[in-house]
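K.L.:
Shown below is the structure under consideration.
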Amino acid sequence: MMFAESPLNKRDKKTQKLFRILFLMMVMLLVTPVLLILATLIYKGGPIISMEFLFADPRNGMTAGGLFPALLGTIWLVVVALICSVPLGVAAAIYLSEYAPDNWLTRSINLAIVNLAGVPSIVHALFGVGAFVIFMDFGASILAASLTLAIMTLPVVIVATRESLQSVPHAFREACWNMGATRWQTIRKVVLPNAISGILTGVILEVSRTSGETAPIMFTGAAFYLPTLPESVFDQTMALAMHLYVVATQVPNVPDAMPYGVALVLISVVLAFNALSISFRIYLRGLKKW
Amino acid sequence: MSGATASQKPSVLADDQPDTAWYVDKAVQVIMFVAGVSAIIFIIGIFIFVSKEGAGFIGGEEMNFSEFFTSPRWRPTSEWNPTYGILAMITGTASVTGLSMLIAIPFSLGAAIYIAEFATGKTREALKVLVELLAAIPSVVWGFIGLSIMNPLIIDIFDVPVGLNIFNAGLILGLMSAPIITSIAEDALKAVPDGFREAAEAMGATRWQVIYKVVLPAAKNGLLGAVLLGVGRSFGETMAVLMASGHSINLPENIFDSVRALTATIAAELGETAEGSTHYQSLFTIGIFLFIVTFIINLTADLIVRGVRKG
């Protein structure tokens, strides 16, 4: 040591340590709930999970049997929602990243995207009822519910895609333009291939978001209980998230483990896709050559 | 592609004629533009369609502006004298949101500071992933947790008759909005140039002094924006409040009273109303109110964050 520590230095060090520990505790208090919740759900819902629980129909007024129609319904909703929102979201992100000038319109678009993500889910549900169920006359159906979900989760795709497009170095584009390629040729042959995995990360994240939503599908296409499976996008369907709400609050005499089991399946689906998206992103970052 | 329009265009070089690739390029640009503005179209569409369904109520004689906002009596299904007052629900939403922010703001800002300024390497990555996973838990699962885990715990610990109340819902909403605030606040802290930190450290400041005197003031607006987005999230949350707040119309006196939120009212009642009835329209009117409030919150957050970037 060249200098001896003065009392002031010591006090500063102490303060620093104190705050470090304080903030560490805050982080811990924030992340422990995830682990506690998971542990509780696994402990209480784990025993009920079986092949029958996953692949059988509900029986005895949903107090026994499985959740297969709800699981299948969630797959329907997610797939149709993705078909609608991914092309639109990717195109919107391409516009924002590759074409949009820095003006009031672009700013309004960005503000609209923030707002789409920020509008309460129940307001999205009201919009779905007004626009798709009534105005376009789809009725309460998978199509109406998926369109509502698609619009609600559009920001997820747009933001992820835009980020991944912008991480492609500008020099790549310039090199391509110099070869006489048009803007679109550059985007299709150079920008998109370099950004595709980042876009995929966003799409997986959207699967996770879409499968967990309840409020937007409550009145637009998800039913409490249906005796038959949906056959087309114009049928109603059951859904996992809705099923959890129903067995937890609406059905009398449900055995204790039942809603825990449904919650465990739902959270597994959501977190699995989320974790997949995160690990994919970390893996890609390792691969980046520029 | 016909050359008719192409030949009318003045061109310097003979081979500078628009070819197929040129037309494809222009067409694609139009498509991308339409997709780009779709977000604006949807936001306007949401406002128009929700207003359209609620219009009958706003213009109708059942609606009385001062009664709507100042009466705590919400009895839309009463046969004799239906009343439409949302004051109790506004109080419910405000109290639950307020409590959730009291919990979420200190913790998420603290967490953001730790992740952005103290944690390094693997720890930092792991914490960020955990925060992201916390944000991913669906609201209906949170509601279920409030209903079946927190409810008996609150009854036991605080010796109150009902565990579904402001405290329960506020705590759940706090946990739900904390990861949002944390990750946006962390971005705001990361956006402070390293040069600021280095300059302060070169002057002999400790890490905490750097944070307190340099980083936090520089990131002030971003942090405020993060908090506002957290408020918006908490305010608009539906399923979790519906299941954890007790859902009873009540002007609360303490945090162990059950309340009802604006969002939850729509979720609980829309399914039971006939399309076009006054009750149905009044629920859409609540929707317009929710839309406008969240719009203002998001706009303010955007302006604040923008302000710092320009300045």
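K.L.:
Which count do you get for residues in the stretch A:241-283 that are in contact with a Ser or Thr (Cβ under 8 Å, 6 or more places away or on another chain) and part of a loop (DSSP other than H, G, I, E, B)?
P.N.:
Total satisfying the criteria: 4.
K.L.:
Moving on. Within the bounds of the stretch B:225-236, is there any residue that is buried (at least 21 other Cβ atoms within 10 Å of the Cβ) and assigned to a loop (DSSP other than H, G, I, E, B)?
P.N.:
no
K.L.:
Right, another one. Could you tell me whether residue B:59 is surrounded by fewer than 16 Cβ atoms within 10 Å (Cβ to Cβ) and either without any contact (Cβ under 8 Å) to a residue 60 or more places away in the chain or out of contact with any strand residue (DSSP E or B) (no Cβ under 8 Å at 6 or more places or on another chain) (or both)? If you could, list the steps in order and put the result at the bottom.
P.N.:
Numbers: surrounded by fewer than 16 Cβ atoms within 10 Å (Cβ to Cβ): yes; either without any contact (Cβ under 8 Å) to a residue 60 or more places away in the chain or out of contact with any strand residue (DSSP E or B) (no Cβ under 8 Å at 6 or more places or on another chain) (or both): yes.
Here the answer is yes, as residue B:59 does meet what is asked.
K.L.:
Among the residues of the stretch B:253-305, count how many are over 20 Å from residue B:233 (Cβ atoms) and either of a type outside the set (Phe, Trp, Tyr) or in contact with a strand residue (DSSP E or B) (Cβ under 8 Å, 6 or more places away or on another chain) (or both).
P.N.:
First, pick out the residues of the stretch B:253-305 that are over 20 Å from residue B:233 (Cβ atoms): B:253-258, B:268-285.
In the following step, the residues that additionally are either of a type outside the set (Phe, Trp, Tyr) or in contact with a strand residue (DSSP E or B) (Cβ under 8 Å, 6 or more places away or on another chain) (or both) were identified as B:253-255, B:257-258, B:268-279, B:281-283, B:285.
Count: 21.
K.L.:
Would you call residue A:65 in contact with a strand residue (DSSP E or B) (Cβ under 7 Å, 6 or more places away or on another chain) and at pLDDT 85 or above?
P.N.:
Working: in contact with a strand residue (DSSP E or B) (Cβ under 7 Å, 6 or more places away or on another chain): yes; at pLDDT 85 or above: no.
No.
K.L.:
Another one. Quick check: is even one residue across the stretch A:201-209 over 17 Å from residue B:136 (Cβ atoms), modelled with pLDDT of 85 or more and among the β-branched types (Val, Ile, Thr)? First the steps, then the outcome.
P.N.:
Keep residues of the stretch A:201-209 that are over 17 Å from residue B:136 (Cβ atoms), which gives none.
Within the stretch A:201-209, not a single residue is over 17 Å from residue B:136 (Cβ atoms), modelled with pLDDT of 85 or more and among the β-branched types (Val, Ile, Thr).
K.L.:
Okay, next question. Take the conditions within 13 Å of another protein chain (Cβ to nearest Cβ) and at pLDDT 90 or above and apply them to residue A:246. Does it pass? Before you say what the answer is, go through the steps one by one.
P.N.:
Details: within 13 Å of another protein chain (Cβ to nearest Cβ): yes; at pLDDT 90 or above: yes.
So residue A:246 fits the description; yes.
K.L.:
Which residue out of B:215, B:140 is in contact with a Phe, Trp or Tyr (Cβ under 8 Å, 6 or more places away or on another chain) and either small (Gly, Ala, Ser) or facing another protein chain (nearest Cβ under 10 Å) (or both)?
P.N.:
Numbers: B:215 fails: either small (Gly, Ala, Ser) or facing another protein chain (nearest Cβ under 10 Å) (or both).
Matching residue, one of B:215, B:140: B:140.
K.L.:
Looking only at helices (runs of 4 or more DSSP H) that fall completely inside the stretch B:128-222, which ones have 3 or more residues that are surrounded by fewer than 19 Cβ atoms within 10 Å (Cβ to Cβ)? Talk me through it step by step, then tell me what you get.
P.N.:
Details: elements: B:139-145, B:151-158, B:166-190, B:194-202.
Answer list for the stretch B:128-222: B:151-158, B:194-202.
K.L.:
Tell me the residue from A:145, A:150, A:160 that is touching a strand residue (DSSP E or B) at 6+ places or on another chain (Cβ under 8 Å), crowded, with 21+ Cβ neighbours inside 10 Å, touching a residue at least 40 places away in the same chain (Cβ under 8 Å) and of a type outside the set (S, T, N, Q), please. Write out each step before concluding.
P.N.:
Numbers: A:150 fails: touching a strand residue (DSSP E or B) at 6+ places or on another chain (Cβ under 8 Å); A:160 fails: touching a strand residue (DSSP E or B) at 6+ places or on another chain (Cβ under 8 Å).
After applying the criteria, what remains is A:145.
K.L.:
Considering the stretch B:213-244 alone, what residues qualify as being of a type outside the set (A, V, I, L, M, F, W, C) and touching a Ser or Thr at 6+ places or on another chain (Cβ under 9 Å)?
P.N.:
First, pick out the residues of the stretch B:213-244 that are of a type outside the set (A, V, I, L, M, F, W, C): B:213, B:217, B:220-222, B:225, B:230, B:232-234, B:236-238.
Once the filter is applied, which keeps residues that are of a type outside the set (A, V, I, L, M, F, W, C) and touching a Ser or Thr at 6+ places or on another chain (Cβ under 9 Å), the stretch B:213-244 yields B:225, B:230, B:232, B:233, B:234, B:236, B:237, B:238.
K.L.:
Within the bounds of the stretch A:230-241, is there any residue that is more than 9 Å from chain B (Cβ to nearest Cβ), under 25 Å from residue A:56 (Cα atoms), charged (D, E, K, R) and free of Cβ contacts under 8 Å to residues at least 12 places away in the same chain?
P.N.:
yes
K.L.:
Another question, if that's okay. Wholly within the stretch A:57-151, which helices (runs of 4 or more DSSP H) include no fewer than the required count, namely at least 3 residues that are of a type in the set (Val, Ile, Thr)? Don't jump to the end; show me each part of the working.
P.N.:
Numbers: elements: A:68-94, A:104-118, A:121-128.
In the stretch A:57-151, the matching helices (runs of 4 or more DSSP H) lie at A:68-94, A:104-118.
K.L.:
Additional query: Please count how many residues of the stretch B:143-157 are more than 7 Å from chain A (Cβ to nearest Cβ) and among the aliphatic types (A, V, I, L, M).
P.N.:
5
K.L.:
Something else now. Those residues that are under 16 Å from residue A:204 (Cβ atoms), buried (at least 21 other Cβ atoms within 10 Å of the Cβ) and either facing another protein chain (nearest Cβ under 9 Å) or not hydrophobic (A, V, I, L, M, F, W, C) (or both), I need them from the stretch A:258-277; list them, please. Explain how you work it out, then say what you get.
P.N.:
To start, the set of residues in the stretch A:258-277 that are under 16 Å from residue A:204 (Cβ atoms) comprises A:268-277.
Narrowing the set further to residues that are buried (at least 21 other Cβ atoms within 10 Å of the Cβ) leaves A:269-270, A:273-274, A:277.
Selection gives A:270, A:273, A:274, A:277.
K.L.:
Residue check, residue B:252 against (1) modelled with pLDDT under 90; (2) surrounded by fewer than 18 Cβ atoms within 10 Å (Cβ to Cβ), all met but one. Which one?
P.N.:
That leaves (2) as the condition not met.
K.L.:
Do the conditions hold for residue B:266, that is, is it crowded, with 21+ Cβ neighbours inside 10 Å and either touching a helix residue (DSSP H, G or I) at 6+ places or on another chain (Cβ under 6 Å) or not assigned by TED's automatic domain parsing to the domain that holds residue B:166 (or both)? Step through it out loud before you land on a result.
P.N.:
Working: crowded, with 21+ Cβ neighbours inside 10 Å: yes; either touching a helix residue (DSSP H, G or I) at 6+ places or on another chain (Cβ under 6 Å) or not assigned by TED's automatic domain parsing to the domain that holds residue B:166 (or both): yes.
Here the answer is yes, as residue B:266 does meet what is asked.
K.L.:
Counting only residues that are among the aromatic types (Phe, Trp, Tyr) and more than 14 Å from residue A:152 (Cα to Cα), which one in the stretch A:83-133 is farthest from the other protein chains (Cβ to nearest Cβ)? Before you say what the answer is, go through the steps one by one.
P.N.:
Step one: of the stretch A:83-133, the residues among the aromatic types (Phe, Trp, Tyr) are A:95, A:99, A:104, A:127, A:132.
So of that shortlist, the ones also more than 14 Å from residue A:152 (Cα to Cα) come out as A:95, A:99, A:104.
On the way: A:95: 3, A:99: 6, A:104: 11 Å.
Result: A:104.
The values are calculated or read from the model by the stated rules, or taken from the named source; none is laboratory data. Since we're looking at a predicted model, the values are computed, not measured. All Cβ positions, even for glycine, are placed from backbone atoms using ideal geometry, and neighbour counts span all protein chains on display.
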